[in-house]
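The values are calculated or read from the model by the stated rules, or taken from the named source; none is laboratory data. Bear in mind that the values here come from a model prediction, so they are computed numbers and not experimental data. Here the Cβ is made from the backbone with ideal geometry for all residues, glycine too, and neighbour counts use every protein chain on show. Please note that ligands, DNA and RNA were not included when accessible areas were found on the heavy atoms of the full protein model with its side chains. Shrake-Rupley method; radii C 1.70, N 1.55, O 1.52, S 1.80 Å.
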Amino acid sequence: IEERKWLYDLKREDAKRVHDRSNEFHVDANMATIDGANLALRTLVLINGGAAIAVLTFLGGVASKDKVDFAKIGNVAYTVRYFALGVATALVAMALAYFTNYFMAGYESAKTRTWEHPYIEETARSKRMRRANISFHTAAFLAAFASLSLFVIGMFSTSNRITILLAN
């Protein structure tokens with residue numbers, strides 16, 4: 001009986017260490033993920049918004065000249081839409097990133113902690129949370145990639161249209 005109690009206490013201490021490591025990992029990984037995603041998404045908003053402002057500022061300077069074909073200025077101004085959509089998709093990605101983090105926290109907290117090895121077990125709820133987490137993570141990544149793609153398309157389109165504007 002004494003040996004069983006000792007073994008039980010030993011397993012209990014092992015379980016507590018595993019539980020603590022799991023909790024610590026969850027906190028650290030979640031913070032790193034949130035910080036990295038926020039920085040990347042804020043950067044996408046900044047580069048798309050900054051590009052839109054730069055194009056509009058350039059057009060304001062060109063429009064103040066005497067010999068200007070306003071139809072060609074309109075062609076360049078059209079490219080601002082890419083940057084505006086880039087900002088919008090980056091904001092959507094931010095919202096999706098929030099839900100990614102929400103479901104990751106739900107996934108970890110929905111697991112059952114036990115006193116027997118492996119000490120943490122998945123539940124039906126934790127599995128659902130994990131699937132939702134993966135879905136939102138994938139959608140956030142795709143939205144961020146779309147925002148970056150819109151920035152690149154906008155830059156090439158703006159460059160081409162400014163070249164045509166200045167050629168005449």
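Taken residue by residue, segment 62-76 has at least one member that is at pLDDT 85 or above and either open to solvent by 100 Å² or more (accessible area, probe 1.4 Å) or in contact with a Ser or Thr (Cβ under 9 Å, 6 or more places away or on another chain) (or both).
Residue count for segment 145-168 under the criterion of being among the hydrophobic types (A, V, I, L, M, F, W, C), under 18 Å from A37 (Cβ atoms) and open to solvent by less than 60 Å² (accessible area, probe 1.4 Å): the result is 2. Residue count for segment 37-48 satisfying the condition of being open to solvent by less than 60 Å² (accessible area, probe 1.4 Å) and basic (K, R): 0. Checked against the criteria, T79 does not count as under 30 Å from R21 (Cα atoms), open to solvent by less than 40 Å² (accessible area, probe 1.4 Å) and modelled with pLDDT under 95.
I'd like the residue in segment 9-36 that is surrounded by fewer than 12 Cβ atoms within 10 Å (Cβ to Cβ) and small (G, A, S) and, out of all such residues, is nearest to the chain's Cα centre (by Cα). Of everything passing the filter in segment 9-36, G36 is nearest to the chain's Cα centre (by Cα). Of the residues that make up segment 107-115, is at least one out of contact with any Lys or Arg (no Cβ under 8 Å at 6 or more places or on another chain), at pLDDT below 95 and open to solvent by less than 30 Å² (accessible area, probe 1.4 Å)? Yes, segment 107-115 contains a residue that is out of contact with any Lys or Arg (no Cβ under 8 Å at 6 or more places or on another chain), at pLDDT below 95 and open to solvent by less than 30 Å² (accessible area, probe 1.4 Å). Does L142 count as open to solvent by 80 Å² or more (accessible area, probe 1.4 Å), under 17 Å from the mean Cα position of the chain (by Cα) and touching a residue at least 60 places away in the same chain (Cβ under 8 Å)? No: the conditions fail for L142.
Contact annotation: residue pairs with Cβ atoms under 9 Å, 6 or more positions apart or on different chains, pairing a residue in segment 83-94 that is free of Cβ contacts under 8 Å to residues at least 40 places away in the same chain and under 19 Å from F156 (Cβ atoms) with a partner that is open to solvent by 10 Å² or more (accessible area, probe 1.4 Å) and part of a helix (DSSP H, G or I), are A84/G49; A84/A52; A84/L150. For segment 150-166, which residues satisfy the criterion of being free of Cβ contacts under 8 Å to residues at least 40 places away in the same chain and more than 11 Å from I73 (Cα to Cα)? Result: V152, F156, S159, N160, T163.
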